[in-house]
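To start, the structure under review is shown below, and the notes come after it.
The numbers here are math on the coordinates, done by the rules we state, and not lab data. On a predicted model such as this, the values are computed, not experimentally measured, just so you know. Backbone-built Cβ (ideal geometry, glycine too); neighbour counts: all protein chains shown.
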Amino acid sequence: MVGRGPALVAHLLALVAGVPHPSHTSSAELVARQDSVLVTIRMFADDLAGTGDLKIYVGERFGIADRRGTPVRLEWFGSEPVGDVLVVRLKGLVPGGLPGARVRHELLTERFTDQVNLVRVRYADRVATLIFVRGDRPKTLP
C-alpha cells in the first residue's frame, strides 16, 4: 500500500472535486400523438452550471416549428434530477403532427465545442433520429 497512497488520494480528490465527465452529450425524445407532442430532454446536471434560469435557457436553445414554419409553443411540464442527469419535460400542440416539422437542439453547444445532442422522434408510426453539433441549423423531420 505504500506506493499507492498518493495515487489513491489524487483519485479520491478528483472524484470529490467533480471532475467533468469525458463526453458532452444530451438527448431529447419527442413523442407525438395526434396533434400533441411530449418532449423529454436529458442533460448532465453539472454541464448546466451557470446557464441561469433553466426554463429560459431551454426555451432559447430548443424548439420545434411546424411544417409551415410556425414555432410550436412548448409549455414547461417539469424537471427532476435523476442521478447526475437533469430530466426536463415540455409539451405542446403541433397542428398537423410532426411530419415536416423542424427541430432545433442547441443546448450546451455554446459551452462545449464537442457537444453532441441526439433527438429521437416517434410519430405517425415512424421513428427518426437527428444528431446536432455546434453550428447545426434546425433539421426537418421526414
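Summary of computed values
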quantity	calculated
Tally of residues being assigned to a loop (DSSP other than H, G, I, E, B) and either over 12 Å from the mean Cα position of the chain (by Cα) or not aliphatic (A, V, I, L, M) (or both) across the stretch 108-136	12
Some residue of the stretch 32-41 being touching a Pro at 6+ places or on another chain (Cβ under 8 Å), touching a residue at least 60 places away in the same chain (Cβ under 8 Å) and of a type in the set (Gly, Ala, Ser)	no
The lone exception for ASP66 - which of (1) crowded, with 17+ Cβ neighbours inside 10 Å; (2) among the charged types (D, E, K, R); (3) free of Cβ contacts under 8 Å to residues at least 12 places away in the same chain it fails	(3)
Filter result for the condition that a residue is in contact (Cβ under 8 Å) with a residue 40 or more places away in the chain and among the acidic types (Asp, Glu), over ASP136, ASP114	ASP114
Failed criterion for LEU86 (all others in (1) of a type in the set (A, V, I, L, M); (2) touching a helix residue (DSSP H, G or I) at 6+ places or on another chain (Cβ under 6 Å); (3) surrounded by fewer than 16 Cβ atoms within 10 Å (Cβ to Cβ) hold)	(3)
Single residue of GLY63, GLY59, GLY78, GLY69 found to be assigned to a loop (DSSP other than H, G, I, E, B) and under 19 Å from SER36 (Cα atoms)	GLY69
PRO81 being in contact (Cβ under 8 Å) with a residue 12 or more places away in the chain, touching a strand residue (DSSP E or B) at 6+ places or on another chain (Cβ under 9 Å) and surrounded by 15 or more Cβ atoms within 10 Å (Cβ to Cβ)	no
